[in-house]
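The structure under discussion is supplied below as structure tokens; questions concerning it will follow.
Each reported figure results from applying straightforward, stated rules to the coordinates on display, with no laboratory input. All figures in this text were calculated on a predicted structure; none of them were measured in a lab. We place every Cβ from the backbone using ideal geometry, glycine too, and count neighbours over all the protein chains shown.
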Amino acid sequence: MAFLKHVFFWVLSLLTFSFAETPEQELIVKVFKLFSIKDIPIVVYEHNPIISLKGSSFTNIVAECAQADVVYGSHFETLPKECILLPRFSTEYEIFHNDERVIGAFYWRKGRPQLRFSKERCERFNIFLPPELVRYVQ
Amino acid sequence: MFNKIIFSRFLTFVTVLLLAATLVFYVFFSKTKDEIVTSFERTGVEEVEEISNNIAHYILNSNGALNLHKALVETPTQREVLERFLATFQTQKIQNIFIVDKPDSESILFRVLLDGGQEKSDKFQFEELFEPEAAASWEEVIRFREPKVIYQKDRVDALWATLLYPMIQKDGRVAILALDFSKKHYQKVVSSLLGLETFLKAMVPFLLFIFFIMMIVIRIDKEREKEKVKAQKALEELNLTLEERVADEVEKNRQKDQQLIQQSRLASMGEMISMIAHQWRQPLSAISSTVQGLHLKLSLKKFDEALFIEKLSDVNRYAQYLSQTIDDFRQFFKPSKAKDEVSLEEVIEKVLGIIRISLENKQITLIMDFQSHAHLMTYANELMQVLLNLIKNAEDSLIENHVIKPWIKISTSKNDTNLILEVSDNGGGIPESVMARIFDPYFSTKAKKDGTGLGLYMSQKIVEEHCNGVLRASNSSQGAVFTILLPRCAEQKEE
């Protein structure tokens, strides 16, 4: 019984620490979990973002662009060729503002977190924006 | 001097006083702290409000347009001028200063018109949409056109607050001038006050806890004191009645002893009657046969005077013998008033004089082994009763166990300190299970009608208390052995 208690404690601790997320990570994970293309959850390729999702509860992250639906990063100048055409999610407002492939962004302004989406760009890439995220559309 | 209860009560009183004082102080302090904080807040907000008022007045009057957004769209240069103007107000105290309006009343997003920020990465772009925290407060400013302060995380001790100042434009629309201002300059004082308030707050339940503990301690002490008084009273009562109770118990014991002695006497009397009957049987039989013989002679008319005189003389001798027997028994069972100088052998002979016939009738062999021949001063009759009792017990044991060739051995011996009298038999001995109890009163292994259970008890009492000796029981390979040790006096030792 005592051994089982030990095992339970360690498993719980491992699970808790495995998926310990910062508030920013949590928000971005929530966004990616809500995104879907034709009712299929999206697969993300990380490209040097400021806030990485590795180690979070979001597991649809791939190492190769070819398997991804969305590229997640800060800047996309050095993006591999096979990813160039994919929709992007940024952590910089300027990139979101200027890059036509960026469908949304999460960034900070004056100490306040901001989440923004472009409805037109999402539609272009057939990305379904759930009602929870529509209020952040500009 | 304080006793324990008074001291506990005094401590409780002090605790209650402390509790009341802390409570009053806490309420007073809490009120004062709120006033201090409010005063600081008010001063800080008034200052920022004044700045905001000046900024709003200047910006709204810097152009003739009805709407600020329109004016800024039309003249981008003015945007730069105004942003520079806003930047001049940015100090350590005012961190961010920007102006927003709300183009779409349905959306949660506001539109930034001007930002006095210098840092490029954190600077709003013109018309950048912005979602404020606590958006409802921002909506209220537009709706009610009244300034409002939003505290970070809704706490008065937050380091930053935002003043939302309504800018009523010429077309009637409201823009908001937002100023993030620092409260650091007085926050240290507020934090200290809050810390002190928390401490006082914690003191109240702590003192309350102490108070309850004290109450419990007093209660326990009170109970203990009650028990102590009760026990003392009981002890006093016991002391008062102790003598009476001791006397009662002594009297009870005396009565019990008398009862035992009485019972023992009755038992002895029974034995005496039985022994007299034994002693008398032969002479009575002799008298009877002599009288019958004489009667026959008379019937046959053969009267012989000489024979008659001889036979009547025999009858007289028999009658004398009977009388002597009664005297012997009376003497035997009469308690000795003074110690007599006797030898163990004399005592034994006297006892055998009474019981020998009974033993012979039962085919019990008597074995004598006398090695002592010394005299001692003792209560001879009591000692005879003891010896008689031991011999009777041996006899009963031999009869009960149907021993073939039964014998009783009576031996005497002596050592430096004692004369020793031993009565042993071949009746099988005393079972080990009852050995420890044979000298207890009312303990008997004989069938109930035969034994009173007092014989050995009384024998031991007589030997130990009257004769200052020791009576011991043990088992030999053939049967029981009772040993009487009687102390020798100095003269006897020399003898």
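Calculate for chain A the 222 nm mean residue ellipticity that helices alone would give, adding -39,500 (n - 2.57) per DSSP H run of length 4 or more and normalising by residue count, nearest 500 deg cm²/dmol.
Value at 222 nm, helices only: -9000 deg cm²/dmol.
Right, something else. Taking R0 as 41 Å, what's the FRET efficiency between B:A286 and B:E341 from their Cβ-Cβ distance, rounded to 0.05?
Given R0 = 41 Å and the Cβ-Cβ separation, E is 0.65.
Kindly express, to the nearest 10 degrees and within the range 0 to 90, the angle between helix B:305-333's C-alpha long axis and the longest C-alpha principal axis of chain B.
20 degrees
I need the Kirkwood Rh of the stretch B:4-189: take the reciprocal of the average 1/r across all distinct C-alpha pairs and report it in angstrom.
18.9 Å
Mind checking which of A:Q67, A:P41, A:C83 is farthest towards the positive end of the stretch A:21-134's charge dipole, using Cβ charges of +1 (Lys, Arg) and -1 (Asp, Glu) about the Cα centre?
Of the listed residues, the answer is A:P41.
Angle, helix A:23-34 long axis vs. longest principal axis of chain A, Cα atoms, 0 to 90°, nearest 10?
Compared with the principal axis, the helix lies near 70 degrees.
Between 0 and 90 degrees, rounded to the nearest ten: what's the tilt of helix B:184-299 against the longest Cα principal axis of chain B?
Approximately 10 degrees, to the nearest ten.
Here's something else I'd like to know. Given 0.36 nm per residue, what is the gain on full extension from B:A277 to B:Y151 after removing their alpha carbon distance, in nm?
Result for the pair: 32.6 nm of gain on full extension.
Give me B:F211, B:F10, B:F98 ranked fewest to most by other Cβ atoms within 10 Å of their Cβ, as a rough exposure proxy.
Ascending number of Cβ neighbours within 10 Å: B:F10, B:F211, B:F98.
Given +1 on the Cβ of Lys and Arg, -1 on the Cβ of Asp and Glu, and no further charges, what dipole in debye does the stretch B:26-126 carry about its Cα centre, rounded to the nearest 20?
Its charge dipole is roughly 120 debye.
Sorted from fewest to most neighbouring beta carbons within 10 Å, what does the list B:T325, B:T77 look like?
B:T77, B:T325
Where nothing but the Cβ of Lys and Arg (+1) and of Asp and Glu (-1) is charged, how large is the charge dipole of chain A around its Cα centre, in debye to the nearest 20?
That gives a dipole near 380 debye.
Lysine pairs in the stretch A:12-138 with Cα distance under 19 Å, only those 8 or more apart or on different chains: how many are there?
Within the stretch A:12-138, the lysine pair count is 6.
Still on this structure, please answer the following. Counting DSSP beta bridges with both partners in the stretch A:21-134, what percentage is antiparallel, nearest 5?
45 percent
May I ask you to list the lysines whose Cα is less than 23 Å away from that of B:K405, ignoring any residue fewer than eight positions away on the same chain?
B:K362, B:K392, B:K446
Same structure again: Between A:V137 and B:F85, what is the label-point separation in nm under the 7 Å Cα-to-beta-carbon projection?
3.8 nm
Hey, if you put +1 on the Cβ of every Lys and Arg and -1 on every Asp and Glu Cβ in chain B, which of B:F40, B:I218, B:I142 ends up farthest toward the positive end of that dipole?
B:I218
How many nm separate the modelled label positions at A:T59 and B:K31, each set 7 Å beyond the Cα in the direction of the Cβ?
6.1 nm
Take the alpha carbon atoms of the protein assembly as shown, find their radius of gyration, then divide it by 2.2 N^0.38 Å using N residues; give the quotient.
Cα Rg divided by the expected 2.2 N^0.38 Å: 2.48.
Another one. Hey, got the Cα dimensions of chain B along the principal axes, in Å, largest first?
194, 54, 51
Another question, if that's okay. Could you give the distance between the Cα centres of the stretch B:268-324 and the stretch B:349-382, to the whole Å?
27 Å
Calculate the FRET efficiency for B:V315 and B:E349 from the Cβ-Cβ distance with a Förster distance of 30 Å, rounded to the nearest 0.05.
According to the calculation, E is roughly 0.60.
Another question, then. B:Q262 to B:F308: FRET efficiency via 1/(1 + (r/R0)^6), r the Cβ-Cβ distance, R0 45 Å, to the nearest 0.05?
The pair B:Q262/B:F308 has a calculated efficiency of 0.40.
Each label point is 7 Å from the Cα along the Cα-to-Cβ direction; what then is the distance between the points at B:K201 and B:L17, in nm?
Label at B:K201, label at B:L17, 2.9 nm between them.
Kindly provide the helix-only [θ] at 222 nm of chain B, computed as the sum of -39,500 (n - 2.57) over DSSP H runs of four or more divided by all residues, to the nearest 500 deg cm²/dmol?
The per-residue figure over chain B is -20500 deg cm²/dmol.
With only Lys, Arg, Asp and Glu charged, each at its Cβ (+1 for the first two, -1 for the last two), find how big the charge dipole of chain B is about the Cα centre; round to the nearest 20 debye.
For chain B, the charge dipole is close to 1320 debye.
Now, a different point. Restricting attention to the stretch B:141-201, which trypsin sites (Lys or Arg not before Pro) occupy a DSSP loop and are surrounded by at most 15 other Cβ atoms within 10 Å?
Loop-located and lightly packed - B:R145, B:R155, B:K170.
Taking the C-alpha atoms of the stretch A:21-134, how large are the radius of gyration and the largest Cα-Cα span, Dmax, in Å?
Here Rg and the maximum Cα pair distance are 12.8, 37 Å.
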